[in-house]
Each structure stands twice: as structure tokens, then as C-alpha cells.
Amino acid sequence: MASEANSRVLSGFLDYLRIEKGLAKLSISAYTTDITQFAGFLERRKRTLLTARRSDVREFIQQLFANSVDGRSVGRKLSALRHLYRYLLLDKRIDHDPTLNIESPRQWKVLPKSLARDEIEKTLTAPAARNADRHDSAALALRDRAMLELLYAGAVRVSELANATLEDLKLETGYMLVRGKGDKERIVPLGKPAQDALTAYLSQGRLTLLKPGGKKGTAAALPRSSPFLFIARGGRKLTRQRIWQMVGEASAASGRHASPHMLRHSCATHMVENGADLRTVQTILGHADISTTQVYTHLALDRLRSVYQKHHPRAKAR
């Protein structure tokens, strides 16, 4: 009975996330995993999601830490439970929120890993240095360089990159329209290196990748069409897994293994280090809440301290 009750609650919540909040499939999958885990924890204690108490949430968190789950993952699971019980409270299914006043783990605010600037340069130039025994190796190198530039310069997520279309790119005005989580749109500015890489890919590489193969002059060699900006051989859509693989291969040139998310965090880190305010970084990253961007606060404070010490006459030791 507890399992059936929990299934009904979870189903209603997922419908709410999908229909009213418009969350992406990956986000909904993460919510499903985290809440199902908590529901299983409750069922072993003869309780349900609707009858959970504050002590249940605390014991669940303690069990996660006891099983060596890292603080960031614990924080994500607690966030999922907060959203669930806020929904149930607004829907008048419960009278109290069991997650109320439960602090998030401090480890949740650990600064994400990023690459140093020299490591970024080596990663960006890696596709051109790789040689392949295929006629389309040059086209792949141009494509990969353009993707890396966009991941770093535009701080786009891997799913946003895979789903980007030709219509989203506005090279003549130097920006790109990005559709992020919950199908929310934002405008990402593009610097000259990114614009140059994209121009080279579109003019010299993309048409080659659209061709399905075959001898010139045959019907099989006629180029296909695709609405997506970045494509695989034969005009197929690029998968997220292939983009992850490409970034890993390119980052090997820097001596570190990087992911698309590390390039995104590298963009934010380098912007803050160069004096960008957190609101601007929040807009470019597409964070719905400034609290998510505040993991970079200590970088901004470090820069503030260095500028103060350099320019204020009373900051220097006599």
C-alpha cells in the first residue's frame, strides 16, 4: 500500500514538472531517481511520502553520508525533496514541509573544477593537431574546434550544444540563442575566436559532413539537409555521448581529462577572475537563481581584495 501511495504522489509530481514547469527529460529523470530513493527509505520504515517527518529527512541524509555519498549529490537529493514538498504543500496534500529548516550540506557549495587558461588553449587547438586517414578529417577538426569554442566562450551545456539549430546562430550580430533547462531561452554573446571558428566550420566543414558518401556525381553523394548546427557524418544528429568523448580527447592535449561541464565552469571562473559581476555570469550561464552562481563568490572576493590592495593607499604595508 505504501508503495502504491508513493507511486501516485510521484506520478503527480512528475506531471507537474513536465507540464507546468516544462523541465527537460534529464531533469525529470534525476528527480525521479532521487525521490524514488527517498520513497524506498520511507517504505522500510512503514511511512509514505505524504506522512514523512523532518526526522525522516534528516535520517535519510545521514544514511547517504554514511554510505559515502558526496555532499554535492546529497545536496541535489535534498533540493529534489524540497521541490516535491513545496508542490505538495501548495496542492494542500500535506500540512507541513518536512524539509523546512534543514540546512544544505556545506560540500554542496564546492567550486566546480575548471581548466587553467593555458590548458584551455591546448584543448581548443587539439582538433587541428589530430590527423585521421579520412577525407573528412579536416571537416571534423573544424567542427570540433567550433564546438569547443562555443562550450568555453558561450558556457553552453552539452544538451544545449547538441540541440542548437542553424537558426539559433546569429553570426552577423555576434550572438547565439540558447534554449536551456525548462526550454528557457537566453542570448549568449560570441567573441571573435568563436565567431571565426563557427564561420570556418559553416563555410568549409559542414557541407562535407552533410554528404552521405559515395562517388562524386552519383545520387548517393548529394548532400542531405539538417536543421542542427553541429552534425555527425552523413548529416546525422550528434549525440551527447559523442560530444563528451570529443571533449575528453581534445583535453588530453592539456594533460587533464575534461568534460563539457568543465569548459562551462572554466568560462564562468575566468570571467569572474577578470572582474565580471555575478549577475552577468548568471545571465550567460542561464542560472534561474543567483544562489547557483554564488559558488563563484570567493573568486570575486579574491579579485576585490587584490584590486583594493593594489590601488588603495591604506592597503599597502608601510
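Bear in mind these aren't lab numbers, they're just calculated from the coordinates by the rules spelled out. These numbers come from a predicted model, not from an experiment. Backbone-built Cβ (ideal geometry, glycine too); neighbour counts: all protein chains shown.
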> Quick one: if you stick a label point 7 Å off each Cα along the C-beta vector at Gln245 and Ser259, how many nm between them?
Replying inline: 1.8
>> Suppose the chain between Ala5 and Lys25 were pulled fully straight at 0.36 nm per residue; how much longer would it get relative to their current alpha carbon spacing?
In response: 4.9 nm
> Which value, to two decimals, describes the C-alpha radius of gyration of region 236-275 once divided by 2.2 N^0.38 Å?
Replying inline: 1.37
> Once you treat every alpha carbon in region 150-194 as an equal point and sum by Debye, what is log10 I(q)/I(0) at q = 0.18, 0.27, 0.32 Å⁻¹?
Replying inline: -0.46, -1.04, -1.38
>> Testing the spin-label approximation: label points 7 Å from Cα along Cα→Cβ at Ile102 and Lys170. State their distance in nm.
In response: 4.3
>> Only sites in a loop by DSSP and with at most 15 other Cβ atoms within 10 Å count here; which GluC sites (Glu not before Pro) in region 127-199 make the cut?
In response: Glu172
> Each label point is 7 Å from the Cα along the Cα-to-Cβ direction; what then is the distance between the points at Arg58 and Lys192, in nm?
Replying inline: 6.0
> What is the log10 of I(q)/I(0) for region 3-98, computed with the Debye formula using one identical point scatterer on each Cα and no solvent, at q = 0.18, 0.19, 0.20 Å⁻¹?
Replying inline: -0.81, -0.91, -1.01
